[in-house]
Amino acid sequence: MNYVSLDVSQLALAASLILINGAISWAFALGLERTLLVNAVRMTVQLTLIGFVLKWIFAQTSPLWTLGLALIMMIVAGYEIVSRLSRRPRGFEAYLLGSGTLLIVGTLATVFTVAGLIGPEPWYAPRYVLPILGMVLGNAMTGIALTTSTLLESAVRDRTAIEARLALGHDRFTAFSETLRLSLKTGLMPIVNAMAASGIVALPGMMTGQILAGLDPIEATKYQIMIMFVIAGATALGVVIAGYASVLLITDARHRLRLDRLHAATKT
């Protein structure tokens, strides 16, 4: 496969486009200039470092190093989920909810894709495992964060109705049925919209990257279709686990609503 290499000057020219974002923030008094700068620098540093790390891990072809980086990715993604919540649960359970859910869906989706669908030799080759895991985590993380945030916000807003159902003898999952349905729908909307737009409105990232690297467009399309179905399945499983786990988190064994387990609302 042939590809066009980029040098530092080309990357710097591309980076200058962030000035458009800064100009819009300044013109409309959005106050995002510093956030844009910090996040742009953070993204550049993170991607540069991960590039060197992946190059080294790919050369090792070691399942231990692959597993180690995969666990770090899941832990960081779990932290990102919690950081996006305006109402964060108290204690370590919130981080366990995020990272634990991603551990389940990320492992199942990645192993199924690499070992069951692609079948490289060896199946645990980091060149396949880590990029696929990253795509699964990135999309599942968004769905899980939206589901959890919506459920916690709705629990506070609809506290009277939920407690009324509990007082009438409903169990916690029945009392939360409407709230849970709304939360699951909210969490699934990004991947549903992404599937609807793929191919007509947008060329997804994996497909675009493979085409730019010189892969035949038909083969790139096959890979993109596969990964979209994998991401959709992983996201669906993730939002369901996160939704039910969130209900358990803010209720107790006696089916009482425990909003005291949440911190006060904060800006995200």
_Cut-off under 5 Å, modelled amide H: who pairs with residue 262 long-range_ = 90
_Other-chain or far-sequence residues with amide H under 5 Å of residue 85's (modelled H)_ = none
*Find out how many positive minus negative residues lie around residue 262, taking Lys and Arg as positive, Asp and Glu as negative, among other residues whose Cβ is under 13 Å from that of residue 262.*
+4
*With springs connecting C-alpha atoms under 10 Å apart, model the chain as a Gaussian network and identify which of 65, 26, 123 has the largest mean-square fluctuation.*
26
*Rounded to 10°, Cα long-axis angle of helix 33-60 versus longest principal axis of the chain*: 60
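If we count every other residue with Cβ under 15 angstrom of residue 183's Cβ, Lys/Arg +1 and Asp/Glu -1, where does the sum land? Show your work: numbers first, answer last.
Details: positive: 84, 87, 157, 172, 181, 185; negative: 153, 158, 178.
Surrounding charge for residue 183 is +3.
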*Report the normalised scattering of the stretch 62-261 as log10 I(q)/I(0) at q = 0.13, 0.14 Å⁻¹, calculated by the Debye formula with identical scatterers on the alpha carbons.*
-0.74, -0.82
_So for each of 146-157, 42-53 I average, over its residues, the number of other beta carbons within 10 Å; can you give me the resulting order with the highest mean first?_
146-157, 42-53
*Once you've got the GNM for the chain with C-alpha springs shorter than 10 Å, pick whichever of 228, 189, 135 has the biggest mean-square fluctuation.*
189
*Could you order peptides 206-216, 159-169 by the average number of other Cβ atoms within 10 Å of their residues, highest first?*
206-216, 159-169
*Burial order of peptide ranges 7-14, 257-264, 78-85 (average beta-carbon count within 10 Å, highest first)*: 78-85, 257-264, 7-14
*Taking the chain as a Gaussian network, Cα atoms linked when under 10 Å apart, which of 92, 173, 112 shows the biggest mean-square fluctuation?*
92
*asked:* With the cut-off at 1.5 for a/c, could you classify the stretch 1-123 from its C-alpha gyration tensor as rounded, prolate or oblate?
replied: oblate
*Tensor-based shape of the stretch 1-60 (alpha-carbon gyration tensor, a/c under 1.5 rounded, otherwise prolate or oblate)*: oblate
*Which cross-chain or sequence-distant (5 or more) residues have an amide H under 5 Å from the amide H of residue 251, H modelled 1.01 Å from N in plane?*
258
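FYI, it's all coordinate maths here, none of it is from the lab. Just so it is clear, the structure is predicted and the values come from calculations on it, not from any experiment. Methodologically, a virtual Cβ is constructed for each residue, glycine included, from the backbone with ideal geometry; neighbour enumeration extends over all protein chains shown.
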